[in-house]
Amino acid sequence: MVLKDDKGDIITLLHNDIIKLIPHRYPFLLIDKVTDIIFNESVTGIKSVTFNEPFFAGHFPERPVMPGVLILESMAQTAACLVSYQEKSLSSNNLVFFTGIEKAKFRKPVVPGNELILKINLISNKRSLYKFNGEAFVQNKLVASSEFSAMLVNEEKAK
């Protein structure tokens with residue numbers, strides 16, 4: 001069941017909520033909103049793609065396209081919000097690192113003006129290792145998909 005607040009409204013995490021959960025900051029915080037949170041199951045992230053994104057200056061100035069690796073990173077940041085939100089103590093001393101990306105497919109370019117909807121499902125969790133399935137949509141059309149895994153690492157051990 002999607003998480004709701006005391007008034008029965010679906011919980012939506014905005015910028016100030018997201019930065020409490022994951023360590024990413026501008027220009028690398030790639031998600032604007034998180035919603036449809038179902039603990040131990042799924043989450044949806046939203047990225048409004050604008051022309052002022054720093055990567056568009058070089059990818060490609062005449063025909064800007066969001067790099068596929070940044071779509072995957074957006075999926076990972078959304079997944080990290082799910083993990084950190086359901087276990088808030090994890091976000092305080094841990095970093096999240098990719099451990100694998102599998103079956104990544106890019107079907108259509110993502111360009112300025114698009115709203116990227118990132119639907120993430122938790123496949124498995126063993127200790128501090130998580131595996132996810134992610135799909136990215138623009139106007140209900142699948143533009144990218146991937147399975148990916150990530151590991152929580154204590155910040156002190158990551159040095």
By residue number, the members of region 121-159 that are of a type in the set (A, V, I, L, M, F, W, C), assigned to a strand (DSSP E or B) and out of contact with any Asp or Glu (no Cβ under 8 Å at 6 or more places or on another chain) are LEU129, ALA136, PHE137, VAL143, ALA150, MET151, LEU152, VAL153
Pairs, please: C-beta under 7 Å, at least 6 apart or cross-chain, first residue under 9 Å from TYR85 (Cβ atoms) and in region 1-21, second surrounded by 14 or more Cβ atoms within 10 Å (Cβ to Cβ) and basic (Lys, Arg)? LEU13/LYS33
Residue identified as exposed (fewer than 12 other Cβ atoms within 10 Å of the Cβ), farther than 24 Å from ILE19 by Cβ and at pLDDT below 95 among ARG127, ARG107: ARG127
Segments classed as strands (runs of 3 or more DSSP E), wholly inside region 5-116, with at least 3 members that are within 18 Å of PHE148 (Cβ to Cβ): 42-48, 94-106
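The rows are residues; the columns are (1) in contact with a Gly (Cβ under 9 Å, 6 or more places away or on another chain); (2) surrounded by fewer than 19 Cβ atoms within 10 Å (Cβ to Cβ).
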{"residue": "ARG25", "(1), (2)": "no, yes"}
{"residue": "THR50", "(1), (2)": "yes, yes"}
{"residue": "ALA57", "(1), (2)": "no, yes"}
{"residue": "PHE60", "(1), (2)": "no, yes"}
{"residue": "LEU72", "(1), (2)": "yes, no"}
{"residue": "GLN86", "(1), (2)": "no, yes"}
{"residue": "PHE97", "(1), (2)": "no, yes"}
{"residue": "GLY100", "(1), (2)": "no, yes"}
{"residue": "LYS103", "(1), (2)": "no, yes"}
Going through (1) at pLDDT below 95; (2) farther than 27 Å from GLU155 by Cβ; (3) among the β-branched types (Val, Ile, Thr) one by one, VAL83 fails only at (2)
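Those residues that are charged (D, E, K, R) and without any contact (Cβ under 8 Å) to a residue 40 or more places away in the chain, I need them from region 136-159; list them, please.
Quick first cut of region 136-159, residues charged (D, E, K, R) only: 141, 147, 155-157, 159.
LYS141, LYS157, LYS159, listed by residue number.
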Can you run down the residue pairs with Cβ atoms below 7 Å, 6 or more apart or on separate chains, where the first is in region 109-123 and touching a residue at least 24 places away in the same chain (Cβ under 8 Å) and within 19 Å of ILE37 (Cβ to Cβ) and the partner is in a loop (DSSP other than H, G, I, E, B) and of a type in the set (S, T, N, Q)? LEU122/ASN40
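The values are calculated or read from the model by the stated rules, or taken from the named source; none is laboratory data. Keep in mind that what you see is a predicted model, and the values were worked out from it rather than measured. Virtual Cβ from ideal backbone geometry, glycine too; neighbours counted across all protein chains shown.
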